[in-house]
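Notes follow once the structure below has been shown.
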Amino acid sequence: MLRTRSSRISLVACGLLALVAGLASAAGETVPTTVKVPKTTAIKKKTPGQSKVVWSFDVKKPDGSRAANLKTADLTLPKAVFADAKGFQACDAAKLQANDDKSCPAKSVVGAATAHIYSSPIREEPYDVTGVIYYTGTKGKTVNLSIFYTLTEIPTVHSVTTIAVTRSASTSKLHMEQPTLPTAPGLPDATPLDVGVTFDGKGSKGLLFRQAKPCKKGTMVPAKYGFYDGSSASATAKAC
């Protein structure tokens with residue numbers, strides 16, 4: 001049975017749509033991830049060791065085009081690694097949202113952050129961003145943190161990213177929520193290109209993260225990233 005010209009056109013159109021869909025899927029974001037969970041103090045029978053946890057990742061597309069805007073980032077820590085906020089003083093999260101970071105207690109600082117953001121068409125060169133990570137309180141088993149970011153070249157420009165550290169029977173997870181970064185009316189939001197967080201701030205009892213047992217060499221941990229366009233990406237990293 002012969003197909004009519006309109007049928008052939010329909011088939012070609014369907015084929016093109018399938019090809020485009022395949023290309024869109026293949027061109028999704030990749031997020032190379034690095035995690036370090038070193039033991040920094042001795043682990044004793046009843047005293048967990050302290051650990052300077054480091055988590056960093058890049059957001060990019062394989063073809064080099066502009067990546068989607070980051071919305072969430074999730075990391076599962078190795079077993080027996082957990083957050084202990086005792087010894088830190090809480091900073092009111094509302095103060096950070098109001099750009100009043102100077103009123104936060106010195107012992108509320110749990111670490112530092114770095115990032116780069118892309119703001120084309122305003123500027124092609126990425127902006128450098130630095131951040132201070134504050135402890136903002138504990139609710140149940142969830143330790144709440146906020147990163148107070150400052151644009152290095154324009155120090156009056158700030159943003160706040162939150163991190164919730166939850167703990168289950170065997171593992172702890174970090175959940176980061178990244179707000180949109182508006183630039184100017186009618187222009188795209190700025191795009192995070194990379195993020196790095198280091199939890200090395202000390203309270204009266206030491207670092208935020210502890211190890212109840214040594215982390216085995218070669219331990220792999222999963223991470224997942226969500227974007228404002230509805231897409232997602234996964235990664236794994238060697239933590240120990």
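Here is a yes/no grid of residues against (1) closer than 30 Å to residue 123 by Cα; (2) without any contact (Cβ under 8 Å) to a residue 12 or more places away in the chain; (3) in contact with a strand residue (DSSP E or B) (Cβ under 8 Å, 6 or more places away or on another chain); (4) part of a strand (DSSP E or B):
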position: 160; (1), (2), (3), (4): yes, no, yes, yes
position: 169; (1), (2), (3), (4): no, yes, no, no
position: 176; (1), (2), (3), (4): yes, no, yes, yes
position: 180; (1), (2), (3), (4): yes, no, no, no
position: 185; (1), (2), (3), (4): yes, yes, no, no
position: 194; (1), (2), (3), (4): yes, no, yes, yes
position: 216; (1), (2), (3), (4): no, no, no, no
position: 223; (1), (2), (3), (4): no, no, yes, yes
position: 234; (1), (2), (3), (4): yes, no, yes, yes
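Hey, any hits in region 68-79 for a residue that's assigned to a loop (DSSP other than H, G, I, E, B), touching a His at 6+ places or on another chain (Cβ under 7 Å) and in the same structural domain as residue 181 (by TED's automatic domain parsing)? Checking region 68-79: not a single residue is assigned to a loop (DSSP other than H, G, I, E, B), touching a His at 6+ places or on another chain (Cβ under 7 Å) and in the same structural domain as residue 181 (by TED's automatic domain parsing). Among the residues of region 196-213, just one is of a type in the set (A, V, I, L, M, F, W, C), within 14 Å of the chain's Cα centre (by Cα) and in a strand (DSSP E or B), namely 197. Residues of region 132-142 include at least one that is surrounded by fewer than 22 Cβ atoms within 10 Å (Cβ to Cβ), at positive phi and not aromatic (Phe, Trp, Tyr). The one condition from (1) closer than 13 Å to residue 83 by Cβ; (2) touching a Ser or Thr at 6+ places or on another chain (Cβ under 9 Å); (3) buried (at least 22 other Cβ atoms within 10 Å of the Cβ) that residue 110 does not meet is (2).
Taking region 42-99 as the range and being of a type in the set (Ser, Thr, Tyr), closer than 28 Å to residue 219 by Cβ and exposed (fewer than 15 other Cβ atoms within 10 Å of the Cβ) as the test, the residues that pass are 47, 72.
Under the condition of being among the polar types (S, T, N, Q), in a strand (DSSP E or B) and under 30 Å from residue 186 (Cα atoms), the residues counted in region 88-145 number 2.
The values are calculated or read from the model by the stated rules, or taken from the named source; none is laboratory data. This is a predicted model, so every value here is computed, not measured. Counting neighbours? That spans all protein chains shown, and the Cβs are built from the backbone with ideal geometry, glycine included.
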